[in-house]
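The structure under discussion appears below in the form of structure tokens.
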Amino acid sequence: MTEPLLELKNLKTYFISKQATVRAVDGVDLKVFPRQIVCIVGESGSGKSITSLSIMQLLPRPKGKIVDGQILFNGQDLAKLTDKQMTAIRGNDISMVFQEPMTALNPVLTVGEQIVEVLLRHRKLAKQEAMKKAVEMLRFVGVPRADQIVHEYPHQLSGGLRQRVMIAIAMICEPKLLIADEPTTALDVTVQLQVLELMKKMRDDFGTSIVLITHDLGVVAEMADHVVVMYAGQVVESVNADDLFEEPLHPYTKALLASIPTLEEEKDVLYSIPGTVPSAAAFPAGCRFAKRCSLAQPSCFEKMPELREIRPGHLIRCDIVEEGGAS
């Protein structure tokens, strides 16, 4: 069997201050195989973005710390690397497309300067040759007038073009792994589809594995090979994408899918999950979803369920779902 390109083992990332310890990521296990698209889904506050920043070693310091676990990339534990060693990996072997392209791009540098910077660091090319490659990559990601736009600034571009520039920067060194944090947020629907199709093209043409962070289950249905559902800093379900939509097993996953409006159903009030995600500074003792779960038993409030394999390749964190999927 193929070894995973990326594997997280019991990853714990905390924000520690005198006032509180915030357990943003609290024991996450995850695998990404070569050429695979893995979508991480969940509400805001579930720990999705902090998981990605932990992989990239871009946590805000000194409060943000990886306190336990491993981040194995090609068998190497990224959590043990120095800043200098990680700098050699970022942008070269692992790249990231951030959630807000307007704030992620440097407003005082041209598009071309920002792409060329990556090539000069990792490929040691002459500046003229690097600029030529920058134009080629912009054309590849569908940017019109690429030879002119390399000389323009981020504020001169639309949101869709800025996102394509971010993808061009991320892909210029043909990384093995691309992490995309809400890459379609605030984009028009047609532009969203273009960005998603572009990411698939990256996977097909470069063999890049993709970790896609989103709260949009429509994006998951379009993109995912495998889905990891996170809630309150933990993985609560991990399963093949087709199986997730055909037969979700965790009550939280079921609730997320029930929240999607459909044309077939006529409802006066759309369904929403009651309550909110618990504070990462004060998680409850038992199952973290129990207070919002319609199926919760008294034992759910007392004992934290383990992440277990309920079917081949299907993991859930719930004690009321029996082997095989019955609840």
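Any read-out appearing in this document is the output of simple, stated calculations on the displayed coordinates, not a laboratory observation. On a predicted model such as this, the values are computed, not experimentally measured, just so you know. All Cβ positions, even for glycine, are placed from backbone atoms using ideal geometry, and neighbour counts span all protein chains on display.
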For the chain, longest principal axis from Cα atoms; helix 159-171 axis from its Cα atoms; angle between them, nearest 10 degrees, is 80
If R0 = 30 Å, then LEU81 and GLN156, at their Cβ-Cβ distance, give a FRET efficiency to the nearest 0.05 of 0.20
log10 I(q)/I(0) for the chain, Debye formula on C-alpha points only (no solvent), q = 0.16 Å⁻¹, two decimals, reads -1.40
Of the listed links LYS12/LYS254; LYS9/LYS48; LYS12/LYS84; LYS31/LYS176; LYS18/LYS80, those spanning more than 19 angstrom between alpha carbons are LYS12/LYS254; LYS12/LYS84; LYS18/LYS80
In whole angstrom, the spacing between the Cα centers of segment 274-327 and segment 51-77 equals 26
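How much length would be gained if the chain were fully extended between GLU174 and ARG308, taking 0.36 nm per residue of separation minus their Cα-Cα distance, in nm to one decimal?
This chain segment gains 44.7 nm when fully extended.
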Simple SL model, points at 7 angstrom along Cα→Cβ for GLU43 and THR190; separation in nm is 3.5
Computed over segment 59-152, the relative contact order (Cα-Cα under 8 Å, seq sep at least six) in percent reads 21
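Rank by packing, highest mean first: peptides 196-202, 126-132, with packing defined as the count of other Cβ atoms within 10 Å averaged across residues.
So the peptides 196-202, 126-132, ranked by packing, come out 196-202, 126-132.
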Ranked output for segments 214-221, 4-11, 274-281 by mean other Cβ atoms within 10 Å, highest leading, reads 4-11, 214-221, 274-281
For segment 147-286 the mean separation of alpha carbon contacts under 8 Å (6+ apart) over residue count, i.e. relative contact order in percent, is 15
Binned at 5 Å from zero, the C-alpha pair distances of segment 51-192 give percents of 2, 10, 19, 21, 19, 14, 10, 5, 1, 0
Here, ASN74 and PHE245, labelled 7 Å along Cα→Cβ, have an inter-label distance in nm of 3.4
Expressed to two decimals, segment 1-120 has a Cα Rg over Rh, using the Kirkwood radius, of 0.98
For HIS215 and VAL67, extending 7 Å from Cα along the Cα-Cβ vector and measuring point to point gives, in nm, a value of 2.6
Taking Cα pairs closer than 8 Å and at least 6 residues apart, the relative contact order of the chain in percent is 20
Per the helix-only model, the chain has a calculated mean residue ellipticity at 222 nm (DSSP H runs of ≥4, -39500 (n - 2.57) each, divided over all residues, rounded to the nearest 500) of -9000 deg cm²/dmol
Applying the gyration tensor rule to the Cα atoms of segment 191-233 (axes a ≥ b ≥ c; rounded if a/c under 1.5, else prolate if a/b exceeds b/c, else oblate), the class is oblate
At R0 = 45 Å the Cβ-Cβ FRET efficiency linking SER294 and LEU125, nearest 0.05, sits at 0.15
Expected sort for 63-69, 171-177 on mean C-beta neighbours within 10 Å, highest first, is 171-177, 63-69
Rounded to the nearest Å, the spacing of the alpha-carbon centers of segment 1-45 and segment 229-250 is 14
